[in-house]
Structure formats: C-alpha cells, structure tokens
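*Asks:* Quick one: the structure is below, and I'll ask about it shortly.
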Amino acid sequence: GVPENDVEAVKWYSLAAEQGNARAQSNLGFMYDNGEGVPENDVEAVKWYRLAAEQGNARAQYNLGVMYADGEGVPENDVEAYVWFSVAAAQGHENARGNRDIVSERLTSTQRARGQEIAAKCFESDYQDCE
C-alpha cells in the first residue's frame, strides 16, 4: 500500500529493534549487511543479528553464521559459523544445514567436536552462551 522506502523501513525497524523485537533486529541487521537504507556496515549488521540470534531467531542465527564464515564484521571463524549454522538448522532453517555441512568439511575433528559442544551449550542456555 506504500512505495518501497528503505530509509523509512530502517527507521521503523530501528524503533522496534531497540525495544527488543527479534524480527526487527534481524531485519535491521539485513539492512546494514546489504546497505539498504543505510550505508553498508558489517559490524552493525553483526550487532543486530547477534541480538536477534540470542532470542532464538533462526534467520539471524543463519546470517550470523554467514558473517563468521566470511569474516564480515567479525574475524573469520569456522567454529563459530558451525555453531550458528547448527542452531539455525536445528530450528529448521534449510540453508543452514547445507552451510553447516560445508563449514564442517573445513574443520578438524577437534574443531568439529568443539563446535558441537558449543552448539549444545548454546541450546541449553537458550542461546545466551554460544561462544
């Protein structure tokens, strides 16, 4: 019913995100990740993805995994990517399963075991202890 306006979308996502709305946080992360309505800022994208991911938002968990896998906004870390892809996959995010398997192939058996341990701890802590 209204023309597309990324700047206006960022304004409304920001208002909701700052009130703790996980979906708005995830969407705001996406806007920063892709430079839509705001200058591209991977560090800011990670901030919003993480806030949403810690509330159990599977899309944000997946996107946070991508950021770790690619080293965007955070240092590249395949173990962290594996963790976030694992928790997103467990919630049914289809792309997360495939990405988890790809990242898994880059890990040593020790790293994979560590990633599985962290992912389990992440679930048990309701996404609060995921590093």
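The values are calculated or read from the model by the stated rules, or taken from the named source; none is laboratory data. Note that this is a predicted model, so its numbers are computed, not measured. A quick note on method: Cβ atoms are made from the backbone with ideal geometry, for glycine too, and the neighbour counts reach across all protein chains shown. Side chains included, ligands, DNA and RNA excluded: accessible areas come from the protein's heavy atoms. Shrake-Rupley method; radii C 1.70, N 1.55, O 1.52, S 1.80 Å.
*Asks:* Considering only the range 92-131, how many residues are open to solvent by 80 Å² or more (accessible area, probe 1.4 Å) and either in contact with a strand residue (DSSP E or B) (Cβ under 8 Å, 6 or more places away or on another chain) or not in a helix (DSSP H, G or I) (or both)?
*Replies:* The qualifying residues number 3.
*Asks:* Out of all the residues in the range 77-89, is one or more open to solvent by 70 Å² or more (accessible area, probe 1.4 Å) and either in a helix (DSSP H, G or I) or touching a Cys at 6+ places or on another chain (Cβ under 7 Å) (or both)?
*Replies:* Among the residues of the range 77-89, not one is open to solvent by 70 Å² or more (accessible area, probe 1.4 Å) and either in a helix (DSSP H, G or I) or touching a Cys at 6+ places or on another chain (Cβ under 7 Å) (or both), which makes the answer no.
*Asks:* Related question: Could you grab the pairs with beta carbons closer than 7 Å, sequence gap of 6+ or different chains, first residue in the range 74-98 and under 14 Å from Arg112 (Cβ atoms), second one open to solvent by less than 20 Å² (accessible area, probe 1.4 Å) and outside any helix (DSSP H, G or I)?
*Replies:* Short answer, once both residue conditions are applied: Asp78/Leu107; Val79/Leu107; Tyr82/Leu107; Val83/Cys130.
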